[in-house]
Amino acid sequence: MTVTEPEPMSRTKALCYAIGLPLALLVLIFLPAGRLDWPPGWVFIAFLVVSYGIAFLIMRRVNPVIFQARSRFQTGTKGWDLILVSLIFLGMIAEIPLGALDAGRMEWSVMPTFIVILGYLLLAAGIALATWAQAVNRFFEPGVRLQRERGQHVISDGPYAYVRHPGYVSAILVFAGLALALGSWWALIPAAWASAVLILRTSWEDALLHSELEGYADYSKRVRFRLLPGIW
């Protein structure tokens, strides 16, 4: 069987991402906050830009094809997964502006500083874990499908030696971290929504891999936990 790999991301597309992320964050933060003189918003943006910038540089060095693979949903992505991703996206797109509206304008939430710091620690852990998972798993894509044209096989090293879905663990950490780093209890509502749908997605994807990916059933016997070692 011929194995087909996506081409690495072009410089033009990389530049678009580098410009687009900060601009999107500026809109999502300061439009609902209603003002530019909100220091926590600038700290939040700087943290995300630097963190994801470091992750980008690492991935560009160790697994550059991951960017093209993750740039769109590939042919064969399961229909049910597109629905679940849409539901997750609703929570993701609501979380940051809701948090900025709360903490930056309305001040509904009163959050201790140590909780905000905890939020940044969760964000850092989530971004680091996602980078580690993508570094060792060249089949890391945005959609659920069997990548037969790429010769997909079980990945069992790196974080996959501890849980079967470390990418989803990282996403849950980021969802919670975004809300807390912004200082908003209200933003935990869309974060919880996105996390709940993601946990359902984990279950359905795991069932698919059990039935269709060779060696996955044996791997799941060695690595018993989907998301949290020792618990689930």
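The values are calculated or read from the model by the stated rules, or taken from the named source; none is laboratory data. Since the structure is predicted, the reported quantities are computational estimates derived from the model, not experimental observations. Note that each Cβ is placed from the backbone with ideal geometry, even for glycine, and that neighbours are counted across all protein chains shown. Surface areas here come from the heavy atoms of the whole protein model, side chains and all, with no ligands, DNA or RNA. Shrake-Rupley method; radii C 1.70, N 1.55, O 1.52, S 1.80 Å.
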Of GLY183, LEU26, ALA207, which is farthest towards the positive pole of the chain's charge dipole, taken about the Cα centre with +1 and -1 on the beta-carbons of Lys, Arg and Asp, Glu respectively? ALA207
Show me, bin by bin at 5 Å from 0, the whole-percent P(r) of region 161-232 based on Cα pairs. 3, 16, 23, 21, 15, 10, 7, 4, 1
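So for the chain, what percent of the C-alpha to C-alpha distances run longer than 32 Å? Each step should come with its number before you reach the end.
Working: 5779 of 26796 pairs.
Within the chain, distances greater than 32 Å cover 22 percent of Cα pairs.
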Taking R0 as 35 Å, what FRET efficiency do you get between ARG105 and VAL50 from their Cβ-Cβ distance, rounded to the nearest 0.05? 0.85
Note: region 26-154, point scatterers on Cα, Debye, no solvent; log10 I/I(0) at q = 0.13 Å⁻¹ equals -0.72
Could you tell me the largest-minus-smallest coordinate of the C-alpha atoms of region 132-199 on each of the three principal axes, in descending order and whole angstroms? 44, 22, 15
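Rounded to the nearest 0.05, what FRET efficiency is calculated for GLN68 and TRP185 with R0 set to 30 Å and r the Cβ-Cβ distance?
Working: r = 38 Å, r/R0 = 1.28.
The computed FRET efficiency comes out at 0.20.
State, to one decimal in nm², a quarter of the convex hull surface area for the C-alpha atoms of region 67-124, i.e. the direction-averaged projected area.
Working: hull surface 23.6 nm².
The directionally averaged projection comes out at 5.9 nm².
Expressed in nm to one decimal, what extension gain is obtained for the pair GLU149 and THR77 from 0.36 nm per residue of sequence separation less their Cα-Cα distance?
Values: separation 72, 0.36 × 72 = 25.92 nm, distance 1.31 nm.
The GLU149-THR77 span can extend by a further 24.6 nm.
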Just the number please: accessible area per residue for the chain, 1.4 Å probe, all protein chains included, in Å². 52 Å²
Of every Cα-Cα pair in region 91-150, the percentage lying beyond 14 Å is 74 percent
Using a 1.4 Å probe on the protein heavy atoms, what percent of the accessible area of region 81-184 belongs to carbon and sulfur? 71 percent
Rounded to the nearest Å, what's the spacing between the alpha carbon centres of region 174-232 and region 17-41? Just the number, please. 28 Å
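Taking R0 as 30 Å, what FRET efficiency do you get between LEU121 and ARG222 from their Cβ-Cβ distance, rounded to the nearest 0.05? The partial results should precede the final answer.
Values: r = 30 Å, r/R0 = 1.00.
So the FRET efficiency works out to roughly 0.50.
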Out of ILE88, PRO229, THR77, whose Cα points farthest toward the positive end of the dipole of the chain (charges: +1 Lys, Arg; -1 Asp, Glu; placed on Cβ)? THR77
